[in-house]
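Undergrad: Can you read through this structure? Questions will come right after.
The values are calculated or read from the model by the stated rules, or taken from the named source; none is laboratory data. Computed from a prediction, not measured in an experiment: that's the story for all the values here. Note that we place each Cβ from the backbone using ideal geometry, even for glycine, and neighbour counts take in every protein chain shown.
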Amino acid sequence: MAHIENTDPNGFKPNQEIFSEVLQQLAANDRDIIAVTSDSRGSGKLVPFGKKFPEQIVEVGIAEQNLVGVAAGLAAAGKKVFAVSPACFLTARALEQIKNDVAYSDNPVTVVGISAGVSYGALGSTHHSLHDFAALRAINNITVVVPADNFETAQATALAAKTNSPVYLRFGKKVMNNLKEVNDDAFVFGKGRVITEGTDAALIACGETVYPALQAAQLLAQEGIHVTVVSMHTIKPLDTGLLAKLAATCKAIVTVEEHSVYGGLGEACAAYLMQHGLHKPFRIVGIPDEYTVTGSQQDIFNHYHITKDGIAEVVKSLL
Amino acid sequence: MMKRSDLEIKSVEYRKKILKYILGANAGHTGGSLSCIDILNVLYNHVLNVSPQNFTSPTRDRYIQSKGHCVEALFVVLADKGFFPEEHLETLCKYKSHYIGHPTRKVKGVEQNTGALGHGLPIAVGNAIAAKLDKKDYKVYTLMGDGELPEGSNWEAALTAAHYKLDNLCAIVDKNTLQITAPTAEVCNTDPLDEKWKAFGWAVKEVDGHDIEALKAAFDSLPFEPGKPSVIIAHTVKGKGVSFMENNLKWHHGVPSKEEYALAISELDNSMQKAAV
């Protein structure tokens with residue numbers, strides 16, 4: 001499916017491939033690293049992991065509720081567990097297991113939603129996950145992380161393995177260009193990563209929408225509009241300090257996400273800003289509440305104007 | 001090792017305490033707690049390598065109560081085993097008490113937060129796989145109600161347990177045959193239950209879930225078959241031990257009045273004398 005998207009002359013890879021590589025590095029030095037899959041090792045790029053570490057992969061078959069429950073039991077027994085399954089099934093069918101067995105019981109599982117958002121765009125809404133930020137934001141005791149590029153994915157994976165509390169990692173199938181030429185940022189959950197700085201507007205994006213946001217900023221710069229671009233890789237806890245700073249320094253704020261406009265990054269930012277009296281022109285760019293159009297991920301982004309041109313237009317409309 | 005009559009007396013004491021704290025809380029799952037208490041008695045006083053002293057040890061046995069609503073039975077046994085002072089149970093279901101209507105890890109001795117049905121077995125499977133991976137010889141037990149068996153996650157986990165040959169895992173079904181609406185057979189019939197578990201690759205034993213010796217014998221013979229997970233189908237009576245509560249739907253989560261409580265205690269005291277003979 002859309003395999004051509006996964007070939008990149010610059011050596012960049014889909015984030016889920018980076019995830020698998022880092023997990024293999026971790027597993028080589030730590031027998032407690034366990035991947036749990038629901039017939040999802042192919043889509044999760046975990047076939048090499050399974051071959052190298054057959055004792056560190058647990059396969060439960062196509063049974064997502066069981067996937068998360070088993071993962072919780074493994075974690076309770078001291079394992080560092082990554083429960084890997086397409087985000088659409090994992091965060092809907094197994095939501096109660098994430099809520100109770102992982103978050104409420106405080107079993108430190110990293111729940112990994114692969115092929116997220118509209119990565120499976122042409123397969124229809126059964127295979128889209130446009131609800132997962134909203135669902136998981138409302139659950140206590142789980143950190144929600146959406147890495148944008150290969151650098152963030154590698155950092156987030158390694159950090160999740162060290163984190164003794166529940167984490168949700170979410171990424172897609174697309175080759176992701178690095179957002180910066182030099183990746184020397186300190187990566188911490190809950191701290192947004194500033195990619196470019198400008199005071200005309202702030203573009204706060206996450207996951208696979210940060211790159212088009214960055215392209216929009218480059219387009220706007222040609223017109224003399226200087227934009228701060230943030231990869232807000234952690235949806236919860238939200239970097240409210242950075243948000244307050246952006247509200248103080250930028251004339252307008254636009255959020256961008258591969259998620260429903262309801263309950264995701266945009267509404268999280270809006271809630272904070274409103275409740276702290278930080279009133280700036282503000283727009284949420286995401287997937288509207290409608291029967292979602294189908295096509296490739298890029299077709300769907302184009303349709304809903306989650307593109308450099310579309311995002312740039314929204315910024316200009318606020319200035 | 002306790003004599004038979006000692007455990008039988010303990011069961012009566014546990015039943016009295018279950019009713020006492022349900023009365024105090026004005027809430028609780030009376031019928032189911034009375035149906036599973038003999039199983040918990042045998043588990044904690046004969047089977048499980050679990051104590052307040054070893055509760056953080058990686059090699060302790062694991063007990064996960066999937067039928068979390070019968071928490072009063074678990075709390076009474078944990079208090080008896082010294083995990084916390086029994087008077088803590090006077091706060092059962094009170095504002096800010098950790099002793100709530102389902103097991104939580106805020107209470108010492110509780111392995112997992114449960115309450116939503118169909119969750120215990122998958123977690124127990126994860127525990128048991130971890131034991132195999134780590135080559136540790138602890139055993140994992142989970143208690144399920146027969147009313148929760150239609151939850152599909154149970155059967156997903158049943159498949160995984162057989163696939164991984166988890167002979168260090170034992171599920172116990174408290175088959176009291178009643179659930180909140182009606183007899184289980186009328187709500188969603190799961191019989192023949194033994195054949196279902198067998199078809200899923202489990203080794204099955206059926207016992208009288210109130211016969212202490214039969215329960216001990218079943219647990220002592222685990223695993224029932226090498227390379228297979230074991231399930232004990234425990235035939236029980238909802239409300240067991242109090243004549244007017246037995247097999248009566250009203251007592252699924254019925255709370256006794258003071259008069260009913262007094263009558264129940266009197267019946268249990270009488271049975272105590274019989275057990276001691």
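Undergrad: Criterion first (in contact with a strand residue (DSSP E or B) (Cβ under 9 Å, 6 or more places away or on another chain) and either outside any helix (DSSP H, G or I) or at pLDDT 95 or above (or both)) does A:Asp101 satisfy it?
TA: So A:Asp101 passes the test.
Undergrad: Mind telling me which of the residues A:Ala87, A:Ala122, A:Ala92 ends up being buried (at least 24 other Cβ atoms within 10 Å of the Cβ) and more than 10 Å from every other protein chain (Cβ to nearest Cβ)?
TA: A:Ala87 is the lone residue from the list that is buried (at least 24 other Cβ atoms within 10 Å of the Cβ) and more than 10 Å from every other protein chain (Cβ to nearest Cβ).
Undergrad: Right, here's the next one. Being crowded, with 23+ Cβ neighbours inside 10 Å and of a type in the set (S, T, N, Q) is the requirement here; does A:Thr157 meet it?
TA: In short, yes.
Undergrad: Looking only at segment B:182-190, decide whether some residue is more than 10 Å from chain A (Cβ to nearest Cβ) and under 20 Å from B:Gln65 (Cβ atoms).
TA: The answer is yes; a qualifying residue exists.
Undergrad: If you don't mind, there's one more thing I want to ask. Being surrounded by 17 or more Cβ atoms within 10 Å (Cβ to Cβ), at pLDDT 95 or above, assigned to a loop (DSSP other than H, G, I, E, B) and of a type outside the set (A, V, I, L, M) is true for just one of B:Cys70, B:Cys36, B:Cys93. Which residue is that?
TA: Details: B:Cys70 fails: assigned to a loop (DSSP other than H, G, I, E, B); B:Cys36 fails: assigned to a loop (DSSP other than H, G, I, E, B).
After ruling out the rest, the residue left standing is B:Cys93.
Undergrad: For segment B:42-50, does any single residue satisfy the condition of being part of a helix (DSSP H, G or I) and closer than 20 Å to B:His102 by Cα? Reasoning before the result, please.
TA: Step one: list which residues in segment B:42-50 are part of a helix (DSSP H, G or I), which gives B:42-47.
From what's left, closer than 20 Å to B:His102 by Cα: B:43-44.
Scanning segment B:42-50 turns up at least one residue that is part of a helix (DSSP H, G or I) and closer than 20 Å to B:His102 by Cα.
Undergrad: Which members of segment B:185-206 meet the condition of being within 28 Å of B:Gly239 (Cα to Cα), touching a residue at least 24 places away in the same chain (Cβ under 8 Å) and either buried (at least 22 other Cβ atoms within 10 Å of the Cβ) or charged (D, E, K, R) (or both)?
TA: Across segment B:185-206, the qualifying residues are B:Asp194, B:Trp197, B:Lys205, B:Glu206.
Undergrad: In this structure, does B:Gly101 turn out to be within 21 Å of B:Asp38 (Cα to Cα), more than 8 Å from every other protein chain (Cβ to nearest Cβ), surrounded by fewer than 24 Cβ atoms within 10 Å (Cβ to Cβ) and not aliphatic (A, V, I, L, M)? Working first, answer last.
TA: On the way: within 21 Å of B:Asp38 (Cα to Cα): yes; more than 8 Å from every other protein chain (Cβ to nearest Cβ): yes; surrounded by fewer than 24 Cβ atoms within 10 Å (Cβ to Cβ): yes; not aliphatic (A, V, I, L, M): yes.
So B:Gly101 passes the test.
Undergrad: Just to verify a result, which residue in segment A:208-229, among those that are under 17 Å from A:Thr153 (Cβ atoms) and among the hydrophobic types (A, V, I, L, M, F, W, C), is farthest from the chain's Cα centre (by Cα)?
TA: A:Leu214
Undergrad: So, one more: Quick one: in segment B:221-241, which of the residues that are more than 14 Å from B:Asp38 (Cβ to Cβ) and in contact (Cβ under 8 Å) with a residue 60 or more places away in the chain is surrounded by the most Cβ atoms within 10 Å (Cβ to Cβ)?
TA: Result: B:Pro229.
Undergrad: Testing B:Gly28 on (1) crowded, with 24+ Cβ neighbours inside 10 Å; (2) within 13 Å of the chain's Cα centre (by Cα), one condition comes back false. Which one is that?
TA: (2)
Undergrad: Also, I was wondering about something else. Please pick out the residue among B:Asp220, B:Asp167, B:Asp208 that is among the acidic types (Asp, Glu), more than 14 Å from chain A (Cβ to nearest Cβ) and touching a helix residue (DSSP H, G or I) at 6+ places or on another chain (Cβ under 6 Å).
TA: One residue alone meets the criteria, B:Asp208.
Undergrad: Please go through segment B:107-149 and pick out each residue that is within 8 Å of chain A (Cβ to nearest Cβ) and farther than 24 Å from B:Ala234 by Cα.
TA: If the condition is that a residue be within 8 Å of chain A (Cβ to nearest Cβ) and farther than 24 Å from B:Ala234 by Cα, then B:Ile129, B:Ala130, B:Ala131, B:Leu133, B:Asp134 are the ones that fit.
Undergrad: Quick test of your reading of the structure: A:Lys52 fulfils all but one of (1) more than 10 Å from chain B (Cβ to nearest Cβ); (2) buried (at least 22 other Cβ atoms within 10 Å of the Cβ). Name the failing condition by number.
TA: The single condition A:Lys52 does not satisfy is (2).
Undergrad: While we're looking at this one, here's another question. With the structure loaded, tell me whether B:Leu117 is assigned to a helix (DSSP H, G or I) and touching a helix residue (DSSP H, G or I) at 6+ places or on another chain (Cβ under 7 Å) or whether it fails that test.
TA: In short, no.
Undergrad: Moving on to the next point. Quick one: is A:Gly192 within 17 Å of A:Val229 (Cα to Cα), surrounded by 16 or more Cβ atoms within 10 Å (Cβ to Cβ) and among the small types (Gly, Ala, Ser)?
TA: yes
Undergrad: Looking at B:Phe55 and the list (1) in contact with a helix residue (DSSP H, G or I) (Cβ under 9 Å, 6 or more places away or on another chain); (2) of a type in the set (Phe, Trp, Tyr); (3) assigned to a loop (DSSP other than H, G, I, E, B), which single condition is not satisfied?
TA: (1)
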